[in-house]
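Throughout, read-outs are computed from the coordinates displayed, never taken from laboratory work. In this text the structure is predicted, and so the values were computed from the model without any measurement. In this analysis, Cβ positions are derived from the backbone assuming ideal geometry, glycine residues included, and neighbour counts consider all displayed protein chains.
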Amino acid sequence: MMFLLSFWTQDYLVLNKTFTLNNYIEAFTQPVYQLLFSRSLYISLTVTFFTVLLAYPMAYFISFYGGNRKALWLFLITIPFWTSYLLRMFLWKVILGYNGVLNSFLLWLEMISEPLTFILYNSNAVIIALTHGWAPFAILPIFVSLEKIDRSLLEASRDLGDGPIKQFFRVILPLSMPGVVGASLIIFIPTVGDYITPKLVGGTDGLMIANMIQVQFSKANNAPLAAALSVSSLVIVAFISIVFVLFNKKYLRRY
Amino acid sequence: MVKLVQVENVFKSFGDVNAVNGVSLDIEEGQFYSLLGPSGCGKTTLLRLIAGFEKPTSGQVFIDNTSMEGIEPNLRPTNMVFQNYAIFPHLNVEENVAYGLRNKRENRNKQNKLVDEALELVGLSGLNKRSANALSGGQKQRVALARALILKPKVLLLDEPLSALDKKLREQMQSELRHLQRAVGITFILVTHDQYEALTMSDRVAVMFDGKVAQEASPRDLYELPTSQKVASFIGEMTFIEGEIIGENKNLKVQSEIFGQINIDKSRVFGQSSKKIILGIRPEKITIVPKTSRSKNLVSGKIIDVSYFGETTNYKVSCGTIETLTISSQNSVGQPSYSVGKEIQLKADLDNIIAFSA
């Protein structure tokens, strides 16, 4: 349906159903769409990177030091889900705003002389909010892959002369790569298309492709173009994901 | 001989459980040493204490006259073959074997040569690039051995390395391990719950029960001269008979059940002297003799159970006050086999009786 629609044209109130590639040409040549595509990719790749980077130590801690409280730790991680996503994103406005919690606190500490403005209503705000919102989704797959590592392999690596750091890079990280790849995909794919977060905390500098798709569908009343943008972003995401998976093929083969 | 590994009064407790309860051992250089005991006796914990994976609650381990206190496993002159082999699944055979070498500052060509030598030593030449997942149990075992031996440790620790293999392969690996140990001259410490494995492979065996060493001896002494009833019944089978000391000169004069009055050499009596003693006799030291034969010390009994083992047949016999006396008899042509319920006559080789104080 979406795919068909993307080859049609909107003639004011009616759909012109003659086949055309104009929508795609527009989607890939108009600077505004290029900008939005690249910004979306930049934001979601950065979010993916930081989410995985932050989630890994947490998953590591729960898996190796959780003892018999692993279930409790995992339960605590789900606590943010008790409030709605929308509410959590709104809270970031309160935290990051001009007179927000963070700025007031830093001013009070006299670490800054005037409120920071680069943290709200731009890409950075979107990155911070998304990283927080998606962290639990990254922790779980990494946790599972860490749990699956046979503990005797860790002893074997120590026995064969590895210190803790070497052990991490030679055994733990390679064996938990399937979890890292899984977590990356789980974060990357949905965040590219997120539109609530940029709308709430992104201002105009933080808008992403999904916001444009929404505008085209509703206000601009150009469903075919919106469809073309959607299909394009789908293809781009799929392409990047496949490249990423192929890149990590070595780690993803079944042990 | 030089004492290579010394365990000095080591205790290790996990919560309220005392896994190792005051163990002292001296293990000589170049020995094939076994820690034998039922599961839960603390033998694996003791091995892990030597390897450094556990820290003793009290006591010390010395290797080569150096205290191992506070020394991490990666810095100890020991290497281990793990029970489940712990082969790195993300690496191939060659990478697994070279794993520890890569921590050393030797050039790659030399390392690769060592890897090839190690693989040849364990009979895996040419499998360098094979994936770890494509290996059979026996091959994993060999990779684990090569991986540990390539580092030329002072002590090689083996944690029930053969328990996951089938019987035939296990026996083959037992003799290979034995040959390997002689060839490389490294001290091996083997943990096993298999009595025959310990007896056939080792120079010395320590039998452990409940975190303590019950007896430390050569395999022959362990079988022929066990110092306690517990060790005697753990290593092979033994029938116990009650007796009472009635006199003493150069031998001990004992009035026993079924065998009547017998003399026991004092070197075969263990434990504090008391009037009541327990006599023990191995199944193969009793033979079934024809009903017609007349000699001293014949005992009659009735067969209550027969188990056929191929090379031998084991009979459980009830005679007099003894409910079950176990007899093992060699199977050969001309040797009659008996069935349950049959009345038979027994002759015991009384020189082989040993005595424990009750």
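Please count how many residues of the stretch A:68-105 are more than 24 Å from the chain's Cα centre (by Cα) and outside any loop (DSSP other than H, G, I, E, B). Matching residues across the stretch A:68-105 total 9. Checking every residue in the stretch B:57-74 against the condition of being among the β-branched types (Val, Ile, Thr), in a helix (DSSP H, G or I) and closer than 23 Å to residue B:21 by Cα gives zero matches. Is the stretch B:51-64 home to any residue that is within 12 Å of residue B:155 (Cβ to Cβ) and β-branched (Val, Ile, Thr)? Within the stretch B:51-64, one or more residues are within 12 Å of residue B:155 (Cβ to Cβ) and β-branched (Val, Ile, Thr). Annotation note: of B:122, B:143, the sole residue that is away from chain A (no Cβ under 12 Å), closer than 22 Å to residue B:178 by Cβ and not small (Gly, Ala, Ser) is B:122.
Within the stretch B:79-102, if we keep just the residues that are at the interface with chain A (Cβ under 9 Å from one of its Cβ atoms), touching a residue at least 24 places away in the same chain (Cβ under 8 Å) and of a type outside the set (A, V, I, L, M, F, W, C), the residue that is surrounded by the most Cβ atoms within 10 Å (Cβ to Cβ) turns out to be B:79. Is it the case that some residue within the stretch A:118-128 is without any contact (Cβ under 8 Å) to a residue 60 or more places away in the chain and within 14 Å of chain B (Cβ to nearest Cβ)? No - not one qualifying residue is present in the stretch A:118-128.
Here no strands (runs of 3 or more DSSP E) wholly within the stretch B:294-338 include at least 3 residues being of a type in the set (Phe, Trp, Tyr) and on the phi < 0 side of the Ramachandran plot. With respect to residue B:167, is the statement that it is closer than 20 Å to residue A:157 by Cα and exposed (fewer than 14 other Cβ atoms within 10 Å of the Cβ) true? For residue B:167, the condition - closer than 20 Å to residue A:157 by Cα and exposed (fewer than 14 other Cβ atoms within 10 Å of the Cβ) - is not met. The single condition among (1) within 24 Å of residue B:185 (Cβ to Cβ); (2) basic (Lys, Arg); (3) loosely packed, with under 15 Cβ neighbours inside 10 Å that residue B:76 does not meet is (3). If you filter the stretch B:25-64 down to residues that are within 14 Å of chain A (Cβ to nearest Cβ) and under 17 Å from the mean Cα position of the chain (by Cα), you find that the one that is surrounded by the most Cβ atoms within 10 Å (Cβ to Cβ) is B:45. The sole residue among A:140, A:120 that is not in a helix (DSSP H, G or I) and not polar (S, T, N, Q) is A:120. Please enumerate the residues belonging to the stretch B:158-191 that are of a type in the set (A, V, I, L, M) and within 21 Å of residue B:207 (Cα to Cα). Listed by number, the residues that qualify are B:158, B:162, B:177, B:189, B:190, B:191.
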